[in-house]
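Student: Got a structure for you, questions after.
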Amino acid sequence: ILYFGLSAWTAGCALPGGLVCPHMILGAIVGRLFALFVLAVDMHDPDTTKSSIAWIPEFQNLLNANPEPQRLFAHAAQIDPGVAAAVGASAFMGGSGRIMITLTVMMVEITADPKIIFPMSVATIVAVLVGNAFNHGLYHALISVQSLPFLPSHYADKSLGQLRASDVLPRQPNGEIAPVLCVHLVEPRDSPRVRAALTSSHNGFPVLDRDRKVIGVVLRRAVTQIVAEAEAAGDEELRFGPVMDLHPFMVPGYFTLERTFQTFLLVSLRHLIVVDDSRVPLGVLTRHDLQEWEIHRRRKKNVGGLVEMQGLHQSHSL
């Protein structure tokens with residue numbers, strides 16, 4: 001019980017402790033305890049005068065086991081605590097990690113006994129099916145614990161479908177949408193926008209024309225390359241036309257969040273630019289922005305701003 005509690009506590013820690021060995025040990029303990037319980041019940045059968053512990057044949061003489069006992073369970077002769085421990089380890093790992101074929105092959109390689117493929121496979125499949133009936137696997141749950149930018153196939157909270165793409169953009173403390181970092185098609189080499197792009201944690205930036213309309217998107221590594229080439233050649237202007245993506249994906253700010261999410265997911269995007277009716281950028285959505293927990297956090301933080309946006313949504317619907 002103590003080992004189980006400590007394993008559950010350390011599963012989400014940042015320390016590289018591993019999960020395979022704890023799962024194998026816990027499963028082996030449960031499987032062996034179950035086999036010993038069955039054998040103990042069989043041994044205390046009042047109709048049996050001798051011990052009926054079913055060990056492997058090589059150990060029967062050592063433990064004074066009755067070679068032909070009368071057992072309470074008809075198949076108790078096939079129960080071996082060691083085999084039960086291996087089957088329990090396989091079932092525990094399969095139920096927690098949702099692993100089937102790979103796990104069965106690995107356990108057979110560890111035990112070097114192909115005869116246990118069938119019981120180990122059955123136990124693993126049953127464990128996986130039972131686990132799927134309740135929740136996701138442990139490794140899937142750790143994605144949310146570690147805040148990794150993994151997008152599911154759909155949002156669990158159906159109320160998010162009422163939001164718009166502009167609702168999930170980063171906002172300032174006053175509720176207004178935070179300004180997005182953009183670069184123009186031609187920039188001076190010492191432009192503050194270029195310096196901000198080089199030091200920004202974001203990876204993609206919209207490229208604007210003279211009317212501040214989006215005409216492309218450029219990656220940070222491309223900005224770094226253009227700046228290095230300009231410094232080497234002594235140029236004072238940076239031209240992003242040759243290195244920018246001329247066909248970026250864009251959605252209007254009043255686009256529903258569900259359609260925005262599906263567009264981002266199905267096309268496997270890294271950046272999705274949100275624009276207004278004039279194609280002026282409002283913001284850039286990434287995987288982090290579309291995380292369900294991040295959307296809930298922003299909704300709680302910017303309730304006032306969302307209330308104001310609802311009026312804009314109604315005007316668009318009219």
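Student: Between Leu148 and Ile101, what length comes free when the chain is fully extended (0.36 nm per residue of separation minus the Cα-Cα distance, one decimal in nm)?
Tutor: Separation in residues times 0.36 nm, less the Cα-Cα distance, equals 14.3 nm.
Student: Among residues other than Leu238 whose Cβ falls under 12 Å from its Cβ, what is the net charge (Lys/Arg +1, Asp/Glu -1)?
Tutor: Its environment carries a net charge of -3.
Student: While we're here: Highest mean first, how do 280-291, 265-276, 226-237 rank when packing is the count of other Cβ atoms within 10 Å averaged over residues?
Tutor: Packing proxy ranking, top to bottom: 280-291, 265-276, 226-237.
Student: Taking the Cα atoms of the range 250-289, report the difference between the largest and smallest coordinate on each principal axis, in whole Å and largest first.
Tutor: 26, 16, 15
Student: Once you list every other residue whose beta carbon is under 13 Å from the beta carbon of Asp211, what net charge do they have if Lys and Arg are +1 and Asp and Glu are -1?
Tutor: Taking every Cβ under 13 Å from that of Asp211, the sum is +2.
Student: Dipole size in debye (nearest 20) for the range 221-269 around its Cα centre, Lys and Arg Cβ +1, Asp and Glu Cβ -1?
Tutor: For the range 221-269, the charge dipole is close to 360 debye.
Student: Could you state the orientation-averaged shadow area of the convex hull built on the Cα atoms of the range 168-271, in nm² to one decimal?
Tutor: 7.6
Student: Rounded to the nearest 0.05, what FRET efficiency do Ile110 and Asp277 have when you use their Cβ-Cβ distance and R0 = 41 Å?
Tutor: It comes out at approximately 0.05.
Student: Here is a further query. Per residue, how much accessible area does the range 153-284 have with a 1.4 Å probe, in Å²?
Tutor: Averaged over the residues of the range 153-284, the accessible area is 54 Å².
Student: Sum up the charges of everything whose Cβ sits under 14 Å from the Cβ of Ser200, counting Lys and Arg as +1 and Asp and Glu as -1, but leave Ser200 out.
Tutor: Every neighbour counted, the sum reads +4.
Student: Counting only Cα atoms, I'd like the Rg/Rh figure for the range 199-255, Kirkwood definition for Rh.
Tutor: Reported Rg/Rh (Cα atoms, Kirkwood Rh): 1.03.
Student: What's the FRET efficiency of Leu266 with Ala228 using the Cβ-Cβ distance as r and R₀ = 35 Å, to the nearest 0.05?
Tutor: Once the sixth-power term is evaluated, E becomes 0.50.
The values are calculated or read from the model by the stated rules, or taken from the named source; none is laboratory data. The structure displayed is predicted, hence computed values, not measured ones. Note: ideal-geometry Cβ built from the backbone for every residue, glycine included; neighbour counts use all protein chains shown. Remember, those area values only see protein heavy atoms, side chains included, never the ligands or the DNA or RNA. Shrake-Rupley method; radii C 1.70, N 1.55, O 1.52, S 1.80 Å.
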